[in-house]
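Colleague: Pasting a structure here, questions to come.
What follows is calculated from the coordinates using simple rules that are stated; it is not laboratory data. Everything numeric in this text was worked out from a predicted model, so none of it was measured. Counting neighbours? That spans all protein chains shown, and the Cβs are built from the backbone with ideal geometry, glycine included.
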């Protein structure tokens, strides 16, 4: 499956800063060369692992405000959100907050909504339906960003060997349907225009 609708801006909604790096680096590094790309990190150092104690409407409003800001010029927007099938309650809370936040804009300004997988957290029940091939250089960059910004998070399952194993697994999963890619990043399309 391919993304068949063009977008002009990208928004990555991330429960924590490391989730955007682990799940959507490819859009951060590729899209920012071509179109404005924003990462909205929901949990700050005070609310980390406590998002379930906040009113869901407050998180939803924060996401809505960012969407409104990004589509104020009527740009088409691609949004990446964390999956619901996740072990981390903060990730599930942000997923639930995203759904009503995107609803008013879905048919006007949102071209695509993708879920991204968070290595070591997304559960096996999650079933992606869109895949991007990546290179060892992409994995190098992901590892470099994690080491620079989140060095305490770099143990298993987020070490180099685990990253390569995860992306190689998805490469093997999609090979019968796609040309062979050694490393593949999985996504799940929730909504796509056209």
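Colleague: When only Cα pairs under 8 Å and 6 or more residues apart are kept, what is the percent relative contact order across region 1-120?
Modeller: Reported as a whole number, the value is 35 percent.
Colleague: Still on this structure: Given region 107-152 reduced to its alpha-carbon atoms as identical point scatterers, what log10 I(q)/I(0) does the Debye formula return at q = 0.15, 0.23, 0.26, 0.32 Å⁻¹?
Modeller: Relative scattering, expressed as log10 I(q)/I(0), comes to -0.63, -1.03, -1.06, -1.13.
Colleague: Taking the Cα atoms of region 35-137, what is the range of coordinates along each of the three principal axes, in descending order and whole Å?
Modeller: Answer, in whole Å and largest first: 38, 37, 25 Å.
Colleague: Now a separate question. What list do you get for 183, 191 if you sort them by fewest beta carbons within 10 Å?
Modeller: In increasing order of surrounding Cβ atoms, one gets 191, 183.
Colleague: Using alpha carbon coordinates only, what is the Rg to Rh ratio of region 25-72, with Rh defined as the Kirkwood radius?
Modeller: Here the Rg-to-Rh quotient is 1.06.
Colleague: Now a separate question. So what's the back-of-envelope 222 nm ellipticity for the chain, counting only DSSP H runs of four-plus at -39500 (n - 2.57) apiece and dividing by all residues, rounded to 500?
Modeller: Theoretical 222 nm ellipticity from helices: -13000 deg cm²/dmol.
Colleague: Would you mind putting 13-19, 119-125 in packing order, based on average other-beta-carbon counts within 10 Å, highest first?
Modeller: So the peptides 13-19, 119-125, ranked by packing, come out 13-19, 119-125.
Colleague: Let me check I have the definition right: for region 121-194, take the eigenvalues of the Cα gyration tensor, multiply each by 5, take square roots. What are those semi-axes in whole Å, largest first?
Modeller: Result for region 121-194: semi-axes of 23, 15, 12 Å.
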